[in-house]
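Scroll down for the structure; my scribbles are underneath it.
Every read-out reported here was derived from the displayed coordinates using simple, explicitly stated rules and does not represent laboratory data. Keep in mind that what you see is a predicted model, and the values were worked out from it rather than measured. Cβ: placed from backbone, ideal geometry, glycine included. Neighbour counts: every protein chain shown.
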Amino acid sequence: MIPTSHMLVFSLILFTIGMVGVLTRRNAIIVMMGIELMLNSANINFIAFSRQLGDLAGQVFSIFTIVVAAGEVAVGLAIILALYRNKDTINVDEVNIMKG
Amino acid sequence: MTAYLWLIPVLPVIGFLINGLIGRRLPKRAVAGVACGVVLASFVLSALAVTELAGMPEDQRYMENRVATWVPAVDAGGGQKGLAVDWLFTLDPLSAVMILIVTGVGFLIHVYSIGYMGEDPGFWRYFTYLNLFMAMMLTLVLGGSFAVMFVGWEGVGLCSYLLIGYFYWKPDCADAGRKAFITNRIGDLAFVIGTLTLFAWFGTLEFRPILQAVTAGQGPAWVLTAVAICLFIGACGKSAQIPLYVWLPDAMAGPTPVSALIHAATMVTAGVYMVCRLSPLYVMSPTALTIVAVTGAATALFAATIGLAQNDIKKVLAYSTVSQLGYMFLAAGVGAFSGAIFHLMTHAFFKALLFLGSGAVIHALHHEQDMMKMGGLKKHLPTTYKVFFCGWIAISGFPFTSGFFSKDEILWRAFQWSPVIWAVAAFTAVLTAFYMTRLMGLTFWGRTRMDHHTEEHVHEVPGVMKRPLITLAVLALLGGFLSVPAALGGHWMPFTLEHWLEPSLAHPEHAEGHGSAAAEYGLMFLSSALAMLTMWFGYNLYHKTPEKAAAWKQRFAGIYEVLKNKYWVDELYDAVVIQNFYRLCRAAYSLDVRVVDGLVHLVRNLTIGFSYLSVFWDTWVVDGLVNLTGRTIRTSSGALRKVQTGFIQSYASAMVFGMFVLICLYMYVS
């Protein structure tokens with residue numbers, strides 16, 4: 001039986017990798033992938049605690065999260081596609097029209 | 001008939017509207033037909049109305065036709081009645097005589113005009129004015145109140161102005177029109193003052209109640225005198241008496257039939273008619289009557305002397321008209337109102353005849369009016385000569401012509417009033433006979449002074465002009481028999497004008513004849529003898545020995561010069577009245593420019609100054625505050641806007657950092 005703490009540490013590592021990906025990479029698709037990693041680290045947390053507490057609500061939440069993530073990817077990829085068509089790039093550094 | 005009296009003046013209005021609105025597009029025949037037709041219809045209606053009037057009992061001869069309310073009565077406050085005016089037309093023996101003269105002579109002159117104005121491009125305009133004139137003149141004589149009469153009074157003045165200035169492109173004609181109009185304004189002002197004074201005292205403008213009240217002795221004498229004098233000044237303007245006569249000779253600038261209709265037969269007699277209409281008022285004021293008589297006598301003599309030395313055929317007739325109008329006022333002034341109306345009527349006949357005759361001469365000579373370029377026309381214009389001859393003997397007072405009867409009546413009554421006035425009137429009659437004989441001599445007799453070209457083209461008038469001339473000639477010869485004096489067997493005549501007019505006119509007490517029949521016969525003989533002698537003398541002078549006439553002119557060169565220049569009255573008026581008026585105008589002008597305009601400019605400059613101040617305040621203070629606000633906000637926001645980098649990852653970093661801080665805080669607190 002794997003102790004819960006291992007799972008939390010794994011989840012933390014995964015979340016950090018995702019966050020660093022989001023903050024440092026310039027390619028929008030990679031940024032999206034970072035976000036997916038962060039979401040899935042949260043799912044691992046849910047499941048870890050679900051197992052420890054013997055409560056299925058956590059697993060239900062993680063299913064919800066996966067559904068929402070699927071929707072998010074669909075919308076996100078659509079945005080990236082539209083961005084590419086308009087700007088010929090998916091480099092987030094070059095998309096700064098909201099600069100004050 | 002009573003209910004249709006209003007049709008008499010309205011019929012010419014219809015002609016006026018038709019010709020005025022569409023006359024330009026109608027053929028000349030139609031224009032003439034409409035214009036003459038409505039006047040003839042008016043004449044027939046007048047004749048019917050007068051016949052009915054004659055059928056009434058003598059003392060009830062009065063018709064009244066209240067057509068509509070013009071100014072409704074208003075309560076003037078304090079129980080007083082305000083001004084109320086109705087469109088009231090009345091017919092009594094006096095207005096009956098007038099409408100017959102106006103429509104009868106008017107119709108003849110309309111017919112004559114068809115021939116005289118035949119070549120004129122403004123044919124329809126001419127007849128439009130002429131019809132309007134007829135309407136206004138009939139309104140004047142039929143009007144039963146001062147207000148309605150005043151409509152006609154001003155209306156005929158307007159038509160006179162329009163017709164004098166008919167050839168408006170000639171400066172002389174336009175000036176003459178203006179002169180007539182402005183001179184008449186002076187008289188009209190007095191007329192209005194007199195009218196409103198009567199209203200103030202009697203509370204109505206209608207003739208009947210006013211005259212009944214006056215006859216009953218109401219109203220203080222000084223008011224009646226003042227009113228009578230004011231109204232007489234009005235009559236002076238309209239009827240060309242001293243001092244307002246100057247417009248009439250100039251009015252000859254209009255077409256000749258207009259001179260005949262307006263400035264001889266009808267309009268200028270409106271003043272005489274008005275004085276006779278108000279005879280009950282005038283007999284209450286001997287002072288006013290004396291003024292009327294003296295003014296009339298002075299005008300008669302004064303104008304007759306000027307007539308002696310004029311060379312323009314129409315000017316001679318114009319001064320003769322002024323003189324004859326003076327005669328009528330003289331008659332009214334001495335209390336012979338019926339004599340005045342009688343002379344008005346005979347004068348309408350013979351003076352219209354003379355004017356139309358002179359028109360025929362002018363027409364024949366292609367608009368030559370200078371008698372010095374005429375002469376010997378007797379053989380060229382036989383018909384015109386014959387009718388002119390009738391007019392000449394009538395105006396000169398040849399026995400048993402119309403002028404003889406009417407002048408004789410006036411002379412006899414003048415003699416009863418004052419032998420001095422009689423002497424003036426008789427002398428005027430002699431002068432009249434002389435200048436008319438001179439006119440005949442220079443125009444028809446002797447050797448011609450026309451140039452060869454003109455003489456070849458002299459032509460007798462067409463039939464349409466000839467027939468009115470002949471009709472008027474018959475009237476001028478026989479019109480006098482309408483009022484044969486008692487001394488010549490008048491009471492055997494079935495009709496005398498004097499008797500007919502009796503219900504309309506007042507009789508001053510002094511007028512009831514003292515003076516014997518012998519005196520009357522003597523005076524009659526004396527005046528007609530004088531007239532015939534003068535005519536014979538003039539005939540000899542101008543027909544037989546024209547060179548003697550020239551010698552006479554040399555001998556009295558000084559007097560001749562004075563008369564030829566009309567005593568320099570126009571120049572005197574110019575110097576005394578007109579130049580001073582211009583001076584006043586110029587003073588008013590400079591007052592306007594300096595003071596009124598100065599004030600306006602001052603206000604303008606002040607406004608401009610204030611607006612500069614206002615601009616300064618706006619730019620530097622109001623705008624400054626606004627700009628300061630804007631600039632402050634922009635400067636202070638400079639730092640803040642740097643935060644908005646537009647890089648999604650910097651926002652994400654900030655979020656992560658914030659989350660980190662929150663978590664640290666949470667852990668620290670718990």
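Assorted remarks:
- Positive-pole candidate from B:A364, B:G339, B:M328, dipole of the range B:324-427, charges at beta carbon: B:A364
- FRET efficiency, 1/(1 + (r/R0)^6) with R0 51 Å, evaluated for A:L8 and A:L81 via beta carbons: 0.90
- Over the protein assembly as shown: Kirkwood hydrodynamic radius from C-alpha pairwise inverse distances, Å: 33.1
- Relative intensity, log₁₀ I(q)/I(0), of the range B:174-235 from a Debye sum that treats every alpha carbon as a point, q = 0.22, 0.26 Å⁻¹: -0.83, -1.04
- Working note: Debye formula, equal point scatterers on the alpha-carbon atoms of the range B:571-644, no solvent; log10 I(q)/I(0) at q = 0.13, 0.14, 0.27 Å⁻¹ is -0.69, -0.72, -1.07.
- Within the range B:19-100, all pairs of alpha-carbon atoms sorted by distance into 10 Å bins from zero give the percentages 15, 26, 25, 23, 10, 2, 0.
- Magnitude of the charge dipole, the protein assembly as shown, Cβ model with Lys/Arg +1 and Asp/Glu -1, debye to 20: 1740
- Among B:Y4, B:Y319, B:Y542, sorting on how many other beta-carbon atoms sit within 10 Å of each Cβ, with the fewest leading, yields B:Y4, B:Y542, B:Y319.
- Ascending count of other beta-carbon atoms within 10 Å, so fewest first, for B:C173, B:C159: B:C173, B:C159
- The range B:531-571: radius of gyration and largest Cα-Cα distance (Dmax), Å: 12.8, 37
- Compared with the dominant Cα axis of chain B, that is its longest principal axis, helix B:7-22 is turned about 60°.
- In the distance distribution for chain A, Cα-Cα pairs more than 21 Å apart total 45 percent.
- Cross-link pairs B:K314/B:K548; B:K315/B:K548; B:K379/B:K544; B:K314/B:K373; B:K386/B:K548; B:K170/B:K238 - those with Cα-Cα distance over 20 Å: B:K314/B:K548; B:K315/B:K548; B:K386/B:K548; B:K170/B:K238
- Calculated on the alpha-carbon coordinates, the convex hull of chain B measures out at 311 cubic angstrom per residue.
- For the range B:25-97 and the range A:40-64, distance of Cα centres in Å: 120
- When the trypsin sites (Lys or Arg not before Pro) in the range B:332-441 are filtered for DSSP coil states and for at most 12 other beta-carbon atoms within 10 Å of their beta-carbon, the remaining sites are B:K379.
- Ratio of the Cα radius of gyration of the range B:333-469 to 2.2 N^0.38 Å, where N counts its residues: 1.20
- Alpha-carbon spread of the range B:470-602, three principal axes, descending order, Å: 85, 54, 37
- For the range B:259-323 and the range B:348-389, distance of Cα centres in Å: 24
- Dipole axis of chain B (+1 Lys, Arg; -1 Asp, Glu on Cβ), positive-most option in B:T305, B:A216, B:V596: B:V596
- Legend: translational diffusion of the range B:96-151 by Stokes-Einstein, Rh = Kirkwood radius over C-alpha pairs, 4 °C, 1.567 mPa s; D = 106 µm²/s.
- Dipole moment magnitude, nearest 20 debye, the range B:571-644 about Cα centre, only Lys, Arg, Asp, Glu C-beta charged: 800
- In terms of other Cβ atoms within 10 Å, A:L39, B:L189 run from fewest to most in the order B:L189, A:L39.
- With the charge dipole of chain B set up from +1 on Lys and Arg Cβ and -1 on Asp and Glu Cβ about the Cα centre, the Cα lying farthest toward the positive end among the listed residues B:G638, B:G115, B:L281 is that of B:G638.
- Shape summary of the range A:1-52, radius of gyration then Dmax from alpha carbon positions: 12.2, 40 Å.
- Computed about its Cα centre, the charge dipole of chain B is approximately 1860 debye, with only Lys, Arg, Asp and Glu carrying charge at their Cβ.
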